[in-house]
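The values are calculated or read from the model by the stated rules, or taken from the named source; none is laboratory data. Just so it is clear, the structure is predicted and the values come from calculations on it, not from any experiment. A quick note on method: Cβ atoms are made from the backbone with ideal geometry, for glycine too, and the neighbour counts reach across all protein chains shown.
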Amino acid sequence: MTQYSARELRIIAADSLGELNYNGKRCLLASLNENNPDAGKYADSLIKTVGVGVYNKLKAFLSDGQRCLAVAEAIGKRGVRCITIRSGLYPEDLKNIPVPPLVLYARGNEQLLKGDKLAVVGSRRSTPQTIEECKKLCAQISARLTVVTGVADGADSAAIKGALATGRVICVLPGGHDSSCAARPSLLKMAEAKGLTLSEFPPLFRAQRYTFILRNRIIAGLSRGTLVVSAAKKSGALSTAAYAADYGRDVFAFPHSIGIASGEGCNALIKKGAYLAENALDILSVLGLELPVERKVQLVGEELAVSDFIRSRGEAHLAEIAQAAGIPLRQASTVCSSLELKGIIARTGGNKFSAV
């Protein structure tokens, strides 16, 4: 069980309250802070909104340390860690946006919350060329920056796959971790295993239409800049770019040819002043960073054949891999394990492997 301070436990418990909206939760917490000279004013304000009976009930709940602990323990049993706004792991970039989440619910490598990040977003209907360029760029970028993206098909999935080799990827969810909000659950599991998944919602909270836009402010808020690889004229990716611009962060966009609907939003961003980005260097140079010298991975024996087969299929079962390579099942398993260590493929469950 993760150790939380008494103040953090109170924040976690407050965030679980369905009776209050975001402002109400902050007001309740402020009213219970003995060091806040305006605590009484916050209490009076909340009482006017919810009534004295409800306020007293909520106050009693948050004043009970054991009940607050029970809320955190229930979340912890689901393999989710709570990063409160008072935690040392809570990113300063996110804390400084107008409406920072009280709690970040996390699975995976929480240390990725430290350091510089780049948001990479785009359309579900990205062209095959855009998908490949996004994957390639994120593989390079993740050598210097943690890639922050969503969990949709198309550009998000390409960004995840590109960054998985380094493990420097954060996926921000529009719902709770256990609410089936990902287009590709197996890819999300890989992100949890090698990177980090985040949500501002408790594990069982189901995504709603409005929560996708709320999620986009977190993607932008975590990051030094936002890259839009594809976007139609009206696209959720453009809302992420708008948040980034509002926060004073850099906005980048892939250029697209005339007539490609999924690129019209990107071209419009460039016209409005976004940086045109054709490769990783275009982004890193603006951010004052250099791309590390790429270390070539040497494939030996049957590794090349197995790697080529998995890349051609996208995902393949171990038995299929062994048959295609003409090697025994046990040897195919050894080859796949070696390719995993080299960051070429990743295990997706059920003896299946996917190209990274």
Do we have residue 288 as assigned to a helix (DSSP H, G or I), under 20 Å from residue 148 (Cβ atoms) and at pLDDT below 95 here? no
Output the number of the condition that residue 89 fails; it satisfies all remaining conditions of (1) surrounded by 15 or more Cβ atoms within 10 Å (Cβ to Cβ); (2) under 30 Å from residue 286 (Cα atoms); (3) among the aliphatic types (A, V, I, L, M). (1)
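May I ask you to list the residues in region 87-137 that are of a type in the set (Gly, Ala, Ser), touching a Gly at 6+ places or on another chain (Cβ under 9 Å) and modelled with pLDDT of 95 or more?
Here is the first cut: in region 87-137, the residues of a type in the set (Gly, Ala, Ser) are 87-88, 106, 108, 115, 119, 122-123, 126.
With touching a Gly at 6+ places or on another chain (Cβ under 9 Å) added as a condition, the list becomes 108, 119, 122-123, 126.
Correct list: 119 only.
Suppose we keep only residues that are of a type in the set (A, V, I, L, M, F, W, C) and closer than 21 Å to residue 84 by Cβ within region 29-52. Which one would you say is nearest to the chain's Cα centre (by Cα)?
Residues of region 29-52 of a type in the set (A, V, I, L, M, F, W, C): 29-30, 32, 39, 43, 46-47, 50, 52.
Those left that are additionally closer than 21 Å to residue 84 by Cβ: 29-30, 32, 39, 46.
On the way: 29: 27, 30: 29, 32: 32, 39: 35, 46: 33 Å.
Among residues in region 29-52 that are of a type in the set (A, V, I, L, M, F, W, C) and closer than 21 Å to residue 84 by Cβ, the one nearest to the chain's Cα centre (by Cα) is 29.
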Residues that are touching a residue at least 40 places away in the same chain (Cβ under 8 Å) and exposed (fewer than 14 other Cβ atoms within 10 Å of the Cβ): does region 303-320 have at least one? yes
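Taking the residues in region 206-253 that are polar (S, T, N, Q) and in contact (Cβ under 8 Å) with a residue 60 or more places away in the chain as candidates, determine which candidate is nearest to residue 285 (Cα to Cα).
Filtering region 206-253 down to residues polar (S, T, N, Q) leaves 208, 211, 216, 223, 226, 230, 235, 239-240.
Then drop every residue that is not in contact (Cβ under 8 Å) with a residue 60 or more places away in the chain, which leaves 216, 223, 226, 230, 235, 240.
Values: 216: 25, 223: 16, 226: 14, 230: 21, 235: 27, 240: 22 Å.
Of everything passing the filter in region 206-253, 226 is nearest to residue 285 (Cα to Cα).
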Filter region 157-203 down to residues that are farther than 30 Å from residue 18 by Cα and hydroxyl-bearing (Ser, Thr, Tyr) and give me whichever is surrounded by the most Cβ atoms within 10 Å (Cβ to Cβ). 157
Suppose we filter 63, 45 for residues that are surrounded by fewer than 13 Cβ atoms within 10 Å (Cβ to Cβ), more than 29 Å from residue 216 (Cβ to Cβ), at pLDDT below 95 and of a type in the set (Ser, Thr, Tyr); which single one remains? 63
Of the residues that make up region 240-263, is at least one touching a His at 6+ places or on another chain (Cβ under 8 Å), in the same structural domain as residue 147 (by TED's automatic domain parsing) and surrounded by 15 or more Cβ atoms within 10 Å (Cβ to Cβ)? yes
Is there any pair with a first residue in region 150-161 that is at positive phi and a second that is in a helix (DSSP H, G or I) and β-branched (Val, Ile, Thr) whose Cβ atoms are under 8 Å apart and which are 6 or more apart or on different chains, and what are they? 154/131
Pairs only if they're at least six apart or on different chains, beta carbon under 7 angstrom, first in region 182-199 and under 20 Å from residue 124 (Cβ atoms), second basic (Lys, Arg) and modelled with pLDDT of 90 or more; list them, first residue then second. 197/107
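Part of a helix (DSSP H, G or I), out of contact with any strand residue (DSSP E or B) (no Cβ under 6 Å at 6 or more places or on another chain) and within 20 Å of residue 135 (Cβ to Cβ): which single residue out of 306, 297 fits that description? First the steps, then the outcome.
Values: 297 fails: part of a helix (DSSP H, G or I).
None of the others qualify; the one that does is 306.
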Please count how many residues of region 309-356 are small (Gly, Ala, Ser) and in a helix (DSSP H, G or I). 9
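Among the helices (runs of 4 or more DSSP H) lying completely within region 160-275, list those that include at least 3 residues that are under 30 Å from residue 74 (Cβ atoms). Before the answer, list the steps.
Working: elements: 185-194, 209-222, 236-246, 264-271.
Of the helices (runs of 4 or more DSSP H) lying wholly inside region 160-275, those with at least 3 residues that are under 30 Å from residue 74 (Cβ atoms) span 185-194, 209-222.
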